[in-house]
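This report concerns only the one structure given below.
The values are calculated or read from the model by the stated rules, or taken from the named source; none is laboratory data. Since the model is a prediction, treat every value here as computed from it, not as a measurement. Don't worry about glycine lacking a Cβ; one is built from the backbone with ideal geometry, like all the others, and counts go over all protein chains shown. With ligands, DNA and RNA removed, areas are computed over all heavy atoms of the protein, side chains included. Shrake-Rupley method; radii C 1.70, N 1.55, O 1.52, S 1.80 Å.
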Amino acid sequence: MTDGSGVRFRDRDRLARTPTHETALDCLAAGIEAALPERLIRDAVSVRGESLRIEGTDGAVCEYDLDAYDRVSLLGAGKATAGAAEAVAGVLAEGGRPIDEGLVVTDQTPDEPDGDSVDEPSANGIEVFPGDHPLPSERGVESTRRVLDAAERAGPDDLVLAVITGGGSALLAAPADPLSVDALRGLTSALLASGASIDEINAVRKHCSAVKGGQLARTIAPATTATLAVSDVIGDPLDTIASGPTVPDRSTYADALAVLDRYDLDVSAAVRERLRAGADGEVSETPTAGDPAFGRSTAVVVGNGRTALDAAASAAGDRGYEPLVLSASVRGEAREAGTTHAAIAEECVARGSPIEPPAVLLSGGETTVTVEEATEPGMGGPNAEFVA
């Protein structure tokens with residue numbers, strides 16, 4: 001059934017057993033609707049005359065004179081990138097400057113052989129190529145090579161729009177020489193099960209990749225790059241969203257090695273050798289601030305978790321509940337964070353603190369799950385662990 005926001009829930013009638021459950025679903029739907037990439041892009045991107053305008057969530061504005069560029073291309077990766085890229089290309093087409101080329105990698109596609117695009121380019125010129133999440137795959141590597149090839153084609157008088165969303169770390173997969181896809185898969189699996197933070201996980205992934213940590217920007221240069229990022233990370237650090245393929249990297253090979261040691265990770269010899277070689281200066285570091293790769297590069301966040309929380313809070317208020325956003329920066333073990341959230345709710349019922357019922361408590365962030373050895377495989381991720 002579809003609610004008033006347009007978001008469709010499977011089995012809504014069964015889930016909405018009481019007015020309270022119905023309100024919870026309405027809040028969830030409002031948050032999802034507000035965070036849809038197509039909506040975020042339409043709010044952030046516009047073409048006025050010959051000027052492309054991109055506005056970030058922090059109020060930062062970037063403008064580009066479209067007449068100054070020979071070609072405009074669009075590259076991207078992430079679970080929500082297909083919709084976001086289509087929206088960007090649509091705004092440009094409506095403004096009279098359709099993109100010349102568009103390629104994105106996402107997992108929201110049928111299983112196509114050999115990394116082929118799902119369909120012909122869309123009406124707005126976007127080709128969608130398949131990848132996999134949360135573990136990188138062969139087809140994701142092939143799709144990423146297509147993106148890198150397009151990046152290399154960009155000339156000094158071109159504008160490249162990079163549309164990046166959550167999940168891009170796994171989907172935009174290009175193993176650094178001499179690593180294999182299998183080595184990346186094993187490394188990623190170990191990292192995700194370790195309880196490491198997203199910053200720690202990405203520090204390792206960046207230094208085992210040929211595209212993450214600013215290396216896509218290095219490939220695009222000297223063309224102009226404008227990055228539009230939809231953040232799923234606490235604090236919206238651009239170098240963490242999808243492992244920051246188009247922005248300066250603050251982490252080092254030494255940081256990556258420290259993560260392996262801190263969590264006593266069992267990874268392939270090739271991975272350790274690669275990281276040790278980098279720490280010893282035998283392999284070039286990922287580009288940092290001041291690198292020529294970023295001389296003509298800008299990046300803004302066009303949507304984040306707070307966008308969804310604010311919309312959910314508004315929906316609660318519209319239905320007669322007092323909303324309280326506890327935090328948009330919840331972190332740590334998901335089960336512990338969930339227990340704390342429940343304890344606050346119990347306090348509201350028992351003592352009216354920190355807010356009196358009827359109320360809706362909301363939170364968001366980036367929790368982790370440490371996977372212990374088990375005889376039976378588990379299901380779900382941090383969100384499922386949180387609500388359990």
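Structure notes:
- One residue stands out among those in the stretch 257-283 that are touching a residue at least 40 places away in the same chain (Cβ under 8 Å) and not in a loop (DSSP other than H, G, I, E, B): the one that is nearest to Thr225 (Cα to Cα), which is Gly278.
- Filtering the stretch 141-168 to residues that are open to solvent by 10 Å² or more (accessible area, probe 1.4 Å) and assigned to a helix (DSSP H, G or I) leaves Glu142, Arg145, Arg146, Leu148, Asp149, Glu152, Arg153.
- Test: Leu191 is in contact with a Ser or Thr (Cβ under 9 Å, 6 or more places away or on another chain), in contact (Cβ under 8 Å) with a residue 60 or more places away in the chain and either more than 29 Å from Val47 (Cβ to Cβ) or buried (at least 20 other Cβ atoms within 10 Å of the Cβ) (or both): no
- The set of residues in the stretch 210-256 being open to solvent by less than 30 Å² (accessible area, probe 1.4 Å), farther than 23 Å from Ile41 by Cα, assigned to a helix (DSSP H, G or I) and among the hydrophobic types (A, V, I, L, M, F, W, C) consists of Ala256 alone.
- Positions within the stretch 201-227 being under 14 Å from Thr298 (Cβ atoms) and of a type in the set (Gly, Ala, Ser), in sequence order: Gly214, Ala217, Ala221, Ala223, Ala226
- Residues within the stretch 166-184 that are among the small types (Gly, Ala, Ser), touching a helix residue (DSSP H, G or I) at 6+ places or on another chain (Cβ under 6 Å) and under 21 Å from Ala217 (Cα atoms), tallied: 4
- Counting only helices (runs of 4 or more DSSP H) wholly contained in the stretch 13-132, the ones carrying 2 or more residues that are of a type outside the set (S, T, N, Q), open to solvent by 10 Å² or more (accessible area, probe 1.4 Å) and not assigned by the TED database to the domain that holds Ala223 occupy 19-35.
- Among the residues listed as Ala289, Ala293, Ala337, the single one being of a type in the set (A, V, I, L, M), touching a helix residue (DSSP H, G or I) at 6+ places or on another chain (Cβ under 8 Å) and at pLDDT 95 or above: Ala293
- The stretch 284-298, residues that are open to solvent by 40 Å² or more (accessible area, probe 1.4 Å) and either closer than 22 Å to Leu191 by Cβ or not in a loop (DSSP other than H, G, I, E, B) (or both): Glu285, Pro292, Thr298
- A search for C-beta distances below 9 Å between a residue of the stretch 90-108 that is free of Cβ contacts under 8 Å to residues at least 40 places away in the same chain and any residue that is of a type in the set (S, T, N, Q) and assigned to a helix (DSSP H, G or I), counting only pairs 6+ apart in sequence or on different chains, returns Gln108/Thr81.
- Arg185 being open to solvent by 40 Å² or more (accessible area, probe 1.4 Å), of a type outside the set (Phe, Trp, Tyr), closer than 29 Å to Leu257 by Cβ and in a helix (DSSP H, G or I): yes
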